[in-house]
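*Asks:* There's a structure below that I have some questions on.
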Amino acid sequence: MDLHLQGKSALVCGSSKGLGYACAMSLAREGVSVTLVARTAQLLEKSAETIRQATGAKVTTVAADITTPEGREQAFSVAGMPDILVTNAGGPKPGDFRDWSKDDWMAALNANMYTPIALIQHVIDSMINQRYGRIVNITSAAVKMPIDILGLSNGARSGLTGFVAGLARQVVEHNVTINNLLPGPFETDRLKETAAKTAQNTGKPIEEIMQARLKSIPAKRYGQPYELGDACAFLCSAQAGFITGQNLVLDGGIYPGML
Ligand code: NAP
């Protein structure tokens, strides 16, 4: 299927590895020029080169913290006003809510709620004026099925989801869509970090935690990042212009609800 993305531009945040990287790779394969953002310059440049080699697409990089105003300014100074925006940053730390301070909450709200909103605020009018825009937020399946140790994530991402639900309906008449991708367990560093924390809390080996988790997934496997990347590319396509304000769960069947 031709997604009609040739010649478009995208700013993909949190994209030197994992799910953001997979989105950038899938978009680049469709002929999109991508700007990658992550804090660690070395890995970022390596990942950009891999995407260039694999796709021939134009790939630029910005080594910056997207959760800061300065980082966002740097990102837009390189990406300009993109046709496509993929918001993503690291998830908040797991733990027990009794241990979290106001600063912990502010950091989670900033990274996983305010930062995507600030990025959207920056691009939305340009997208409306050109009558094309695609915004995809990488959130979490925890928005539908909260995970006990990830309370900071459950809370902050639910706030973003509520905000987006309202805005998406206001801008779709201009061919600007906003959708959320809700990953369940995907095989990335983040997944391993969360498993390591559970292993530490329970005293069980990490391999046992990973195996036990696998059993609870109806698909009996972890998600592969490219599967989310290709879903992102589809949501950015011309054909997806009638899809907006949706929360697409990618979790191998874990979420048991019908809706
Ligand atoms: P990952 O493999 O750890 O990759 C995170 C990427 O974001 C890296 O490129 C990282 O690079 C970059 N990043 C992190 N903080 C950043 C910041 N402040 N500014 C700019 N770049 C930043 O994580 P992932 O598994 O792809 O997860 C992506 C998102 O999905 C996270 O929010 C995670 O909580 C959520 N999620 C993941 C899963 C899963 O199973 N993997 C499930 C549910 C939700 P630097 O560290 O160099 O900046």
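*Asks:* Under a Cβ-only charge scheme (Lys and Arg +1, Asp and Glu -1), can you give me the dipole magnitude of the stretch 110-204 about the Cα centre, in debye to the nearest 20?
*Replies:* With Lys and Arg at +1 and Asp and Glu at -1, about 120 debye.
*Asks:* Report the one residue of 255, 111, 12 whose Cα lies farthest in the direction of the positive end of the charge dipole of the chain (charges on C-beta: Lys and Arg +1, Asp and Glu -1; origin at the Cα centre).
*Replies:* 255
*Asks:* Distance cut-off 24 Å, Cα to Cα: go down the list 58/93; 102/192; 93/220; 46/220; 144/220 and report the pairs above it.
*Replies:* 58/93; 102/192; 93/220; 46/220
*Asks:* If you don't mind, another one. Just read off the accessible area of residue 221 with the full protein assembly in place, 1.4 Å probe, to the nearest 10 Å².
*Replies:* Rounded to the nearest 10, that gives 110 Å².
*Asks:* Counting pairs of alpha carbon atoms under 8 Å apart in space and at least six apart in sequence, what relative contact order in percent does the chain give?
*Replies:* Once divided by the residue count of the chain, the mean separation gives 21 percent.
*Asks:* Anything in the chain that counts as a DSSP H helix reaching 24 Å or more along its axis (C-alpha) with Kyte-Doolittle mean of at least -0.5? List them, would you?
*Replies:* 151-171
*Asks:* Whole number in Å², please: accessible area per residue of the chain, 1.4 Å probe, ligands, DNA and RNA not counted.
*Replies:* I get 48 Å² per residue for the chain.
*Asks:* Given Cβ point charges of +1 (Lys, Arg) and -1 (Asp, Glu) and nothing else, what value in debye, to the nearest 20, does the dipole of the chain about its Cα centre take?
*Replies:* Result for the chain is approximately 300 debye, rounded to the nearest 20.
*Asks:* A follow-up question, please. Using alpha carbon centroids, what distance separates the stretch 229-249 and the stretch 3-41, in Å?
*Replies:* 15 Å
*Asks:* Bins of 5 Å, beginning at zero and ending with the bin holding the largest distance: percent of Cα pairs per bin for the chain, please.
*Replies:* 1, 6, 13, 18, 20, 18, 13, 7, 3, 1, 0, 0
The values are calculated or read from the model by the stated rules, or taken from the named source; none is laboratory data. Small disclaimer: the values here were computed from a predicted structure and weren't measured. Glycine gets a Cβ as well: all are built from the backbone with ideal geometry, and neighbour counts include every protein chain shown. SASA here: full protein model, heavy atoms, side chains in, ligands and nucleic acids out. Shrake-Rupley method; radii C 1.70, N 1.55, O 1.52, S 1.80 Å.
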